[in-house]
Amino acid sequence: MFGKDIYWYGVQAISLLETGKLHSPDSSPVFHIVALFLKIFGIQDNSLLLFQILTCVWLLFSVFLSRWVLLRKELNFRFLFPGFVILLLSFLYPKQSWALGFLVLSIGFYNSSFSRIRWVVAGLLFVLALWFHPMVGVLGLGIWVLYQIPAKFYPFIFLLSLVSPFLIPHDPNGRFYSDKEIFPLTAAYGIAGLGILWDWGFLLFGKSEKRFLPIRKTIAFFGLILLLPIFHFVDIQFRILLSLILVVQIFIPWDRIQILVWSIGSVLWIFTVYTEPHLFRYSYELMWNPGEKMASIPNNGLLVAHHGFCEYYHFQFRKDCLSWEPDAKAIAELPQGTQIYRAVYGIRYENLLASKDEKNNPIFSYLQPLGDYQMVLEEDWKRYRLWLEKRNSKLLSVAKSWKNPYRERPNFIKRKQTYGI
C-alpha cells in the first residue's frame, strides 16, 4: 500500500459498516465512499487501493475539466500533463483530494466566461469542497480574500506576516502554534524531497496567461506566506502547499517551456519515491506478524504505537490503538481488567533487555521481541524513558520521536476522537 493514512480510512469505513457511526466523528462524506468500496469488494487492502485509484481519477478529471472551462478550447495533448502532485495528493491525502477536486472546479467556473451561471456553479462547488474537507474550503476562501485585495498592498501584508509567528500563542494544544525551531521549507524537503522544492519555486515564479495573471499572483503570494511557521503541525502547512501547487496548474499555459519544467519536476519526484520510499509509505509488509501477535494478548486493552502501524493494526485486527502518549481520557476509556502496551520501534531487543534500574533490577517486567518491534508495558516504558533521560543516552532521541509517540493529543484532537490517529 502507498500512503501513510490509508488504513485510517479503512478504520473509519469499518466502523460505519459495523456500527453505523464513524470511529472518530467527521462530517466528510469521503468515509462513506470508502465504506461503499469495502462493502462491494470486501474488507481488504485491495479495496482501499481501488478507492485511492478512484480518488486519483477524480482529481485528474477535475483539473482537466477546470482547464477546459477556463480556456474554452478543444481538448488536446497539452491538457494531459498532470503534475506529479496529483498522484501524491490522491494516494497520501484522499479526503483532501476529493475536496480539492471541487475547489479547482469552483475556481475554474469563477474565473471562466460563463457569465450567467458561473457564480451559482462556483458557489455550489465551493460548498462541496468545504463539506468534504473544511481546511480546503478555508484555503479556497483565503485565496478569494487575497484576490480581492489589490496587489500593491501585498508587500505590507507580507511584512505583517513576518511578525505573525511571534504573535501566535505558544500553545501546543491549539490549532495555531508557531514552532520557531522548524523552518517550513526545510520541513517540506524532509517530508517529500527535492520535488516539492522545485514545485514550490515554480509556484512562486512560474508564468501565466495575461488574463489569469492576477489570480496567479494571488496564489504565488499565498505560497510565499507559507514560508513562515504558523500552524501546529508542519504537515498542515505541507498539505496547504501541495493544494496551492495543484490549484495553480489550472492556470498554467502548457507550452514547451512548461513541459520541460514538468518533466524535470516529475524526474525529481520519481527519484525521491524510488530512493526514499519511506517518505511516502510505511513498511506495511513487516507489520502483519508483530501485529497479529500483539492482538492475540488477552489483556491488551490499548496498544500505543507509531502512526502508520497503529492504523494498520486497528484495520487488520480490530483492536484499539493510539499513536499518542496515553492521556487521562484514553486511560479512563480502558476496558476493565486490561492494560496498556506499547510497540517500541527503532530500539533493539538487546538494549531493552540489558536496561536495569538503580537496584540492578530489570526495568521491563514484560518484554516480547516481535521483529522490528518490541512489546512492553506502557508503565515500564515510562520508567525506561526516565532512565534514558538520567543517563543522557543517545537512545533518548529515538524514544522521544515519531517512532515512539511521547506527546499527548492536543485538545482540539482530543475533542474529536478516542483511539486512532
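Restricting region 111-133 to residues that are touching a residue at least 60 places away in the same chain (Cβ under 8 Å) and under 26 Å from the mean Cα position of the chain (by Cα) leaves a set whose member that is farthest from Leu59 (Cα to Cα) is Trp131. Among the residues of region 366-394, those that are of a type in the set (D, E, K, R) and closer than 25 Å to Gly308 by Cβ comprise Asp372, Glu378, Glu379, Asp380, Lys382, Arg385, Lys394. Within region 218-248, the residues that satisfy the criterion of being of a type outside the set (A, V, I, L, M, F, W, C) and at pLDDT 90 or above are Thr218, Ser243. Of a type in the set (A, V, I, L, M, F, W, C), in a loop (DSSP other than H, G, I, E, B), at pLDDT below 90 and in the same structural domain as Phe31 (by TED's automatic domain parsing): is that true of Phe81 in this structure? Judged against the criteria, Phe81 is a match.
Please tell me if Leu75 is at pLDDT below 95, in a helix (DSSP H, G or I) and of a type outside the set (S, T, N, Q). Considered against the rule, which asks whether it is at pLDDT below 95, in a helix (DSSP H, G or I) and of a type outside the set (S, T, N, Q), Leu75 comes out as no. Annotation note: of Tyr345, Tyr349, Tyr366, the sole residue that is aromatic (Phe, Trp, Tyr) and either within 24 Å of Asp5 (Cβ to Cβ) or touching a residue at least 60 places away in the same chain (Cβ under 8 Å) (or both) is Tyr345. Just to be sure, is Leu59 crowded, with 22+ Cβ neighbours inside 10 Å, at pLDDT 90 or above and not in a loop (DSSP other than H, G, I, E, B)? The answer is yes for Leu59. Tell me, please, whether a residue that is farther than 30 Å from Leu370 by Cβ and in the same structural domain as Pro184 (by TED's automatic domain parsing) can be found in region 275-289. There is no residue in region 275-289 that is farther than 30 Å from Leu370 by Cβ and in the same structural domain as Pro184 (by TED's automatic domain parsing).
The values are calculated or read from the model by the stated rules, or taken from the named source; none is laboratory data. All values derive from a computational prediction rather than experimental measurement. Cβ: placed from backbone, ideal geometry, glycine included. Neighbour counts: every protein chain shown.
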